[in-house]
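One structure is given below, encoded as structure tokens.
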Amino acid sequence: MNVAIVILNWNGRALLERFLPIVVKHSSDEAQVYVADNASTDTSVAYCKTAFPEDVIVIQNTVNGGYAKGYNDALKHITADVFVLLNSDIEVTNGWLTPIIEQFKANPNLAAAQPKIRDLKNRTYFEYAGAAGGYIDVLGYPYCRGRVFDTLEKDSGQYDDTVAIHWASGACFFVRAQAYKEIGGLDEDYFAHQEEIDLCWRLLHKGYEVKAIGSSSVFHLGGATLAKANPQKTYYNFRNSLFNIVKHVPSSRYILYIFFRLLLDGIAAFQFLLKGKPKHLWAILRAHLSFYTHLPLMIKKRNGLSKKSLTYPVTSILFTYYVQSKRLFNEYL
């Protein structure tokens, strides 16, 4: 099986110097490593070409189109059976590829997958961006095995299994190339954040499987491009989560769900104000304005999608977490 590891970079030479040698060390026997550069203005490209002239192929995008367009542009130039979309701040481990590639070989219906993602700064705990596999509730709020909102679990082997999930993390995202092309790749209107949720949801509509494979693990630094506290991240997460509802929730419910989400977003904005974070309040307002602007386009994108209902482990993660005070994923089972 031909595997391509593709690391998207934008002015990230320091991250490449730290993490790319480890990727090459633990991957080059099983995969070809690529760096897809999003029109960097630093010396990232020169570093890759000088440090790894034979082990790394550099693809230079003409513009910085964010995560979605950056990968769509780069993957057009790569021929492989499986793409591995890997953040530049991921530390891979020895043998990390093998369990997941074996799953792709054994199961032709497997379209996307992720390993366990642990915190590089606190290595025994799961990391925020994906943990041990992602789910959503009926209102489109994402959460993970091993991470619900800001509660991170310690990895004690409780998620070492292979299970079906709703979405695999974009931090370390394995996807079958044929399936990726079939559904048109990442939605570039998202720019960044939650586009992997949308992609996986579209794959599920098509009848494909998405899995978390706990026999593989990597470590994620996190916040290397946009810190968690950055208002721009708040903007993308709130807006793109609304995009997901419009694109994927069945017609009989999506308008009602959007109404509830707008109310809950208003509460979240008020909480940011009480916490003295007016920039985040403004980010939510901007997210809503952008959502309204994009709404006709998102409704149009519903066309052609089968509206198969998902099975939700949790109906409302907000109620379960904040009202019932259940903080750990295993408490929901």
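The values are calculated or read from the model by the stated rules, or taken from the named source; none is laboratory data. Nothing here was measured: the structure is a model prediction, and the numbers come from that model. Using ideal geometry, Cβ is built from the backbone for each residue, glycine included, and neighbour counts are taken over all protein chains shown.
For the stretch 246-270, the set of residues classified as out of contact with any helix residue (DSSP H, G or I) (no Cβ under 9 Å at 6 or more places or on another chain) and more than 20 Å from His205 (Cβ to Cβ) consists of Leu256, Phe259, Phe260, Leu263, Ile267, listed by residue number. Scanning the stretch 35-55 for residues that are of a type outside the set (Ser, Thr, Tyr) and surrounded by 21 or more Cβ atoms within 10 Å (Cβ to Cβ) yields Val35, Ala36, Asp37, Asn38, Cys48. Does Ala224 satisfy the condition of being at pLDDT below 95 and either closer than 30 Å to Leu289 by Cα or touching a helix residue (DSSP H, G or I) at 6+ places or on another chain (Cβ under 9 Å) (or both)? Answer is yes for this residue. All of Asp150, Asp161 fail the test of being over 14 Å from the mean Cα position of the chain (by Cα), surrounded by fewer than 21 Cβ atoms within 10 Å (Cβ to Cβ) and modelled with pLDDT under 95, apart from Asp150. Residue count for the stretch 164-178 under the criterion of being under 17 Å from Val92 (Cα atoms) and either at pLDDT below 95 or of a type outside the set (A, V, I, L, M, F, W, C) (or both): the result is 2. Does Val24 qualify as being farther than 25 Å from Tyr159 by Cβ, part of a strand (DSSP E or B) and at pLDDT 95 or above? So Val24 does not fit the description; no. Every condition in (1) in contact (Cβ under 8 Å) with a residue 12 or more places away in the chain; (2) within 22 Å of Phe191 (Cα to Cα); (3) surrounded by fewer than 18 Cβ atoms within 10 Å (Cβ to Cβ); (4) not charged (D, E, K, R) holds for Tyr257 except the one numbered (2). Gly95 - would you say it is part of a loop (DSSP other than H, G, I, E, B) and either surrounded by fewer than 24 Cβ atoms within 10 Å (Cβ to Cβ) or without any contact (Cβ under 8 Å) to a residue 40 or more places away in the chain (or both)? In short, yes. Being crowded, with 20+ Cβ neighbours inside 10 Å, within 24 Å of Gly95 (Cα to Cα) and within 17 Å of the chain's Cα centre (by Cα) holds for only one residue in Glu195, Glu127, and it is Glu127.
Is it true that some residue in the stretch 235-244 is surrounded by 16 or more Cβ atoms within 10 Å (Cβ to Cβ), touching a residue at least 40 places away in the same chain (Cβ under 8 Å) and over 17 Å from the mean Cα position of the chain (by Cα)? The answer is no, given that none of the residues of the stretch 235-244 is surrounded by 16 or more Cβ atoms within 10 Å (Cβ to Cβ), touching a residue at least 40 places away in the same chain (Cβ under 8 Å) and over 17 Å from the mean Cα position of the chain (by Cα). For the stretch 108-120, the count of residues that are closer than 24 Å to Trp201 by Cα and out of contact with any strand residue (DSSP E or B) (no Cβ under 7 Å at 6 or more places or on another chain) is at least one. Screening the candidates Ala111, Ala106, Ala80 for the property of being of a type in the set (A, V, I, L, M, F, W, C) and free of Cβ contacts under 8 Å to residues at least 12 places away in the same chain yields one hit, Ala106. Residues that are aromatic (Phe, Trp, Tyr) and part of a loop (DSSP other than H, G, I, E, B) were ranked within the stretch 152-192; the one that is nearest to Tyr235 (Cα to Cα) is Phe191.
For residues that are surrounded by fewer than 19 Cβ atoms within 10 Å (Cβ to Cβ) and touching a residue at least 24 places away in the same chain (Cβ under 8 Å), scanning just the stretch 1-17, find the one that is nearest to Gly66 (Cα to Cα).
Asn11
Selection within the stretch 269-304: residues that are modelled with pLDDT under 95 and polar (S, T, N, Q). The member of this set that is farthest from the chain's Cα centre (by Cα) is Gln271. Note on the stretch 258-280: residues that are assigned to a helix (DSSP H, G or I) and either among the basic types (Lys, Arg) or more than 20 Å from Phe149 (Cα to Cα) (or both) total 5.
Close Cβ contacts (under 8 Å, 6 or more residues apart or on different chains) running from residues in the stretch 118-137 that are within 12 Å of Gly222 (Cα to Cα) to residues that are basic (Lys, Arg) and at pLDDT below 95 comprise Tyr128/Lys228.
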